[in-house]
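A short reminder: the numbers here are calculations on the coordinates, not readings from a lab. Nothing here was measured: the structure is a model prediction, and the numbers come from that model. Cβ placement follows ideal geometry from the backbone for every residue including glycine, while neighbour counts extend to all protein chains displayed.
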Amino acid sequence: MDNAPTPSEPLSTLQPGQRGKVTAIVLPGASRGRIMEMGLTIGATVEVVRFAPLGDPMELKVRGFHLSLRKADAAGIQVARL
Amino acid sequence: MSDGIFRRVAIAGNPNTGKSTIFNALTGLRQKVGNYPGVTVEKKTGKFFSSHGEAMELIDLPGSYSLQVRSPDEAVARDLLLGRIAGVPRPDVIIAVVDASNLDRHLYIAAQMLELGIPVVVALNMVDVAEEHGLVIDLMALRERLGVPVIPMVASKGTGIIELKQAVSRTPLHKPEQRAQLPIVYETELAALGKKLPYSAETARLEAMLLLSLDDTGLAEQCDPAHRADVAAAQARLRTHGIDPLAAPVDARYDWVAAICTAVIHRHGEDSDGLTISDRLDIVLTHKLWGWLAFLGMMTAMFLCIFLVAKWPMDWISAVVDAVASWTKAQMPDGDLQSLVSDGVIHGVGAVVVFLPQILILFFFLGLLEDSGYMARAAFIMDRLMSRVGLHGKSFVPMLSSFACAIPGIMATRTIENRKDRFVTILVAPLMSCSARLPVYTLMIALLLPAAGLWQKAGIMLSMYLLGIVAAFGMAWLFKKTLLRSETPMLLLELPPYRAPAIRGIIQRMWERGVIFLRRAGTVILALNVLLWALLHYPKPADPAAPESERIANSIGGRAGKMIEPAIAPLGFDWKIGIGLVGSFAAREVFVSTMSQVYDVADEDEDKLLDRVGTAMAAEKRDTGAPMFTPLVCLSIMVFYVLAMQCLSTVAIVRRETNSWRWPLFQIAYMNALAWLASFLVYQGGKLFGWQ
């Protein structure tokens, strides 16, 4: 655990091209498990690639592959911007 | 073993890793598609021979990211590996297919496979792509770290298939000894809980882990009440140690995988942050403007092919069916048997088989979109719209497919993870205007506006399609709010790199689906057609020389038409249209041929038949002397056909896919009620405005 916690923000607020490190996942159990198994674990680096043409969902890059997630769910993932 | 199978081999891995390609390369054409007992998940098995000539069974497990269950497909993969399916033994060895170009992520599922207590062989596929990316994988080190054989492969070129076969043929096979290490406290809890569970020593650890990973809702739904308290207590103890029972195994596996990757992967050149071809394609294909254009272009191309290209084989099939029917007629003496065989059996089944070309073309396109990786982008683009009514981007494809035919559409819902969402999609899919409604629309539009230009006719046709779409979305929204109430499901969709689709595999899958459809046509649909034929032929009129129209009027079907007349009169329909509605239950386009029998017209040429039925119908008068088929009545009939559930083949498929009669019966009830109501509003509302 870090002694000086880095300020974190919801993943959904990041802009395309910005990257962050996952610090917490605050979602219902089943969703949290699925997100983590897809590689979005605490400490993983995630990059926002783009938003879908209608503004939602968003495309993320994590562990070398591309994943799509809605903004509402991404709001439950806290990241420290890199 | 009794059935001569030396070894059962299961092949598992993430989606998009070339699993099917390896399956096809190993088994060739010795494949079989069936169903797992009690569920509607396809069971695909094949046979191949070991390096020593023994017969081996290969089981293709549905692509899965984890043993934590999300969709019915994934549940089957898990249950089979854990030996939970009665009558299906656990496999003797697992081939874990991983993508060499992205080991960090793909080794995760392999890490889970190593925890099953079953020998594992890792198929390291797409090593050529990894090399292109400048990755060199130290195979010796990887084998040592994983403790199992690792076979480098390029499955699309057949490289490594022989070596893979050798690896799974070897005797004895060793159970894996390496795996991700959990905190000691966690292992202690797993051991203690595992002893209380009714599973073998081999699977108890993983079963216990699956239970500890559940949240309270999951526990209530999936855990045997006898163990719930034990699981909850163990979870509480872990939390006092600062361990998250759900996150710990996931973290442990990813940490283990990351450590292996650091040790075995060497990067050549600098870590290129450049864009891959796939990334460049996505810039266009998910672009705010170009993305939509590409999407619309692809969908238009697909439908043009379905309607235009399929027209020729469909005409051939109709011609063959007609020829066979008239040949049979000529060979057999006049009578009931002759009529049963030619009208009931041959024409009845022909009416369904005629859709085979459309279904095959649709499956070909769907396979192309799926295999190339575009399907995930379509869901990505459409998700915003679908989520407005509470559905998932993945519901888009089944609904789109239903424009051709609801049957493949409903079969395509299997990729939807959440059961409730899958059922909502199944319930509304037949509201999309399928191609069987086209002949009915064509006939009605010709009667409605005989003098209208092509654009006006096309406009009416389009508005019928739009009515179906609006109804489908409206009902989906309603069902999500009421009957199948659930949160809009989470979208967690991999956007795999674009790949050149494997045409051979697509054709093979297309053919398998076609066979499933034909098998239905040969059994259930055949039986229903014979029944329908009997309804329209018995009892026979007293005078054997009576014209066709009188025979039908006297039949049970005709009487049914008269019986339902009071119910359909408010829609502007008489009993003759009622017979057409009854007949449409075999397939909607049968309306045209039923009407031809009702109005006693016949023509060998199908195109001319449509014209002549139209002429006869246009001349039809009510008892009052007013014309029967006024524009308002025609409109009312069309609206009815847009919304009504009349297709028995769809009913049979819905029964199969939902594994219960409840859903198809409900579907019939709600769609027909909706159709009646809408036609009522059109007809009575129109009359109020003084239209005819």
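Tabulated values for the structure
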quantity: Viscosity 0.890 mPa s, temperature 25 °C, Stokes-Einstein D of region B:65-221 from Kirkwood C-alpha radius, µm²/s; calculated: 144 µm²/s
quantity: Average projection area in nm² (convex hull over Cα atoms of region B:408-468, one quarter of hull surface); calculated: 4.7 nm²
quantity: Helical contribution to [θ] at 222 nm, DSSP H n ≥ 4, -39,500 (n - 2.57), averaged over chain B, rounded to 500; calculated: -18000 deg cm²/dmol
quantity: Overall form of region B:184-242 per C-alpha gyration tensor (a/c, 1.5; a/b vs b/c); calculated: oblate
quantity: Residue exposure sequence - B:Arg588, B:Arg519 - by fewest surrounding Cβ within 10 Å; calculated: B:Arg519, B:Arg588
quantity: Sparsely packed GluC sites (Glu not before Pro) within region B:170-240, loop by DSSP, other Cβ within 10 Å at most 13; calculated: B:Glu177
quantity: Folded to 0 to 90 degrees: helix B:201-212 orientation relative to chain B principal axis, Cα; calculated: 70 degrees
quantity: Cα convex hull volume per residue for region B:151-252 (Å³); calculated: 150 Å³
quantity: Whole-number percent relative contact order across region B:65-137, with pairs defined as alpha carbons under 8 Å at least 6 apart; calculated: 29 percent
quantity: Cα centre as origin, Lys/Arg/Asp/Glu Cβ charges: the protein assembly as shown dipole, Debye; calculated: 800 debye
quantity: Cα gyration tensor, region A:9-81 - rounded (a/c under 1.5), prolate or oblate; calculated: rounded
quantity: Surface/4 of the Cα convex hull for chain B, nm²; calculated: 36.2 nm²
quantity: Stretch gain in nm, segment B:Thr171-B:Arg485, where the contour uses 0.36 nm per residue and the Cα spacing is subtracted; calculated: 107.8 nm
quantity: Partner aspartates and glutamates for B:Lys576 [C-alpha distance under 15 Å; skip if fewer than 8 residues away on the same chain]; calculated: B:Glu548, B:Glu550, B:Glu565, B:Asp600, B:Glu620, B:Asp623
quantity: Charge dipole (region B:341-497, unit charges on Cβ, about Cα centre) - positive-most of B:Leu483, B:Tyr374, B:Val354; calculated: B:Leu483
quantity: Cut-off 12 Å between beta-carbons: net charge of the residues surrounding B:Arg499, Lys and Arg +1, Asp and Glu -1; calculated: -3
quantity: Estimated dipole of chain B in Debye, rounded to 20 [Cβ of Lys and Arg +1, of Asp and Glu -1, Cα centre]; calculated: 880 debye
quantity: Whole-number percent relative contact order across chain B, with pairs defined as alpha carbons under 8 Å at least 6 apart; calculated: 10 percent
quantity: For region B:193-328: rounded, prolate or oblate by the Cα gyration tensor [a/c cutoff 1.5]; calculated: oblate
quantity: Spin-label proximity, B:Ala141 to region B:83-121 - amide N less than 17 Å from point 7 Å beyond Cα toward beta carbon; calculated: B:100-105, B:107
quantity: At R0 = 60 Å, FRET efficiency that the Cβ-Cβ distance of B:Leu462 and B:Leu29 yields, to 0.05; calculated: 0.85
quantity: Under 20 Å from A:Lys21, Cα to Cα: lysines that are on another chain or at least 8 residues apart; calculated: A:Lys61, A:Lys71
quantity: Positive dipole terminus of region B:184-242, leading residue within B:Ala226, B:Ala201, B:Ile184 (C-beta point charges); calculated: B:Ile184
quantity: Estimated translational D of region B:436-565 in µm²/s (Stokes, Kirkwood radius over Cα pairs; 20 °C; 1.002 mPa s); calculated: 102 µm²/s
quantity: Local electrostatic count at B:Ala167 - Lys and Arg +1, Asp and Glu -1, tallied over other residues with Cβ under 15 Å; calculated: +2
quantity: Bins of 10 Å, starting at 0 and running to the largest distance - Cα pair percent for the protein assembly as shown; calculated: 2, 12, 21, 22, 17, 12, 8, 4, 1, 0
quantity: Chain B - share of DSSP beta bridges that are antiparallel (%, nearest 5); calculated: 45 percent
quantity: Relative contact order (%) - criterion: Cα under 8 Å, at least six apart; region: region B:184-242; calculated: 33 percent
quantity: Region B:352-462: radius of gyration over Cα atoms, expressed as a fraction of 2.2 N^0.38 Å; calculated: 1.23
